[in-house]
Amino acid sequence: MEDRILALSQTENRNRLCGSVRSLSGDVDTEVIVDRDDIRRQKQEVIKRFGEWTAHNIQLAEDVYTIGERIAGDEIKLRRVVQTVSDMAGKPFGQLRVLDLACLEGLYTMEFARHGAEVVAIEGRTANIEKARFAAKVLSLTNVDFFQDDVRNLSADKYGRFDVVLCLGILYHLEVPDVFSFLGHVFEVCDGFAVIDTHVSLGCQKSCVYSGKEYWGREFTEHHASSSLQERERSLWASLDNTTSFWFTRPSLLNLLSHIGFTSVYECHIPGESGKPANRLTLVAIKGQREQLVCCPLVNTQPSREIPEKPGHRYAERLLGLWHQVGPLIP
């Protein structure tokens, strides 16, 4: 058990938010809850302590759900992600080790675990991970390990390596330079592929340089600059502590994944996800072996071409920003 209780050595702010890393599987009450009335009662106790479920509608019993007997949140995306992993993995779920980063209330974790995968889930907020922990207990899942930690602390030394890394709804909550090091750690722990679902910037508002490469995107406000750590903790769908985050443009994100070392990147369109905004996409980044051409060896000496930014985006974003400043002054 001791080797599953991990220590943090990060900044004071992160420690205050996350405390020490805690495994929430082997050291908790694992008594199975089978009575539906008892499930409902204990669910209400969880809600009383940690609030309602906000996104992950998990079936706990025949007619008992964390949110309600309806499609309420991430179920459509769940179908896309599960099918994508099934199609890309090349082996049964039962042979996969899956990492769910920033797992929120645990829907994706539960689904892959119920398909037989070994799952490690990391979540920074107590309210979210306690809801996930409760659902895992009700569903009698023994192939799940929950850790309360900041995903920015990810490393292979700490958590091991994985066939599949789920990076769903977290990338756009990170700021520069953390977002770069985070994706580097995703590559480090990944033995197969990563599924990345994220917002992107539709314009080139701001640039940043990392390892000699320029990337474009926009800054997004996560919390008011004067907000307390407690206020940020209660904002369940926002960053843990950083007040702003960086959203890459689509070309910059794709180029970054290539620069990090992923050998090919694919975008998922089917299964469809109705209502998905134009600035959000699902990518599969594969960590393979870079192949050398035999029939056309001259190509092997050339670096892979980068995807260019669309020139119009940069100027359109600047004009939009100018309009926000000047527009209110026009009678």
### Task
Output ³J(HN,Hα) for region 238-248: one whole-Hz value per residue in order, computed from phi by the Karplus curve 6.51 cos²θ - 1.76 cosθ + 1.60 with θ = phi - 60°, and x for Gly and Pro.
10, 5, 5, 9, 5, 7, 10, 9, 10, 9, 6
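Can you pull out the GluC sites (Glu not before Pro) in region 64-113 whose DSSP state is coil and whose Cβ has at most 14 other Cβ atoms within 10 Å?
Working: sites: 69, 75, 105, 111; in loops: 69, 105.
Sparse-neighbourhood loop GluC sites (Glu not before Pro): 69.
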### Message
Using each residue's phi in region 208-225, evaluate 6.51 cos²θ - 1.76 cosθ + 1.60 at θ = phi - 60° and report the 3J(HN,Hα) Karplus result to the nearest Hz, with x for Gly and Pro.
### Response
9, 10, 9, 6, x, 10, 9, 10, 10, x, 8, 8, 10, 7, 8, 9, 5, 4
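From the cross-link list 131/276; 48/158; 77/287; 48/276, which pairs have alpha carbons spaced over 29 Å apart?
Numbers: 131/276 26 Å; 48/158 33 Å; 77/287 23 Å; 48/276 32 Å.
Correct reply: 48/158; 48/276.
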### Query
So, counting K/R as plus one and D/E as minus one, what does the shell of residues with Cβ under 14 Å around residue 48 add up to?
+2
### Query
Stretched out fully, how many nm does the piece from residue 95 to residue 64 gain, at 0.36 nm a residue minus the Cα gap?
8.2 nm
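Read-outs: derived from the displayed coordinates by stated rules, not from any lab. Keep in mind it's a predicted model, so treat the numbers as computed, not measured. Here the Cβ is made from the backbone with ideal geometry for all residues, glycine too, and neighbour counts use every protein chain on show.
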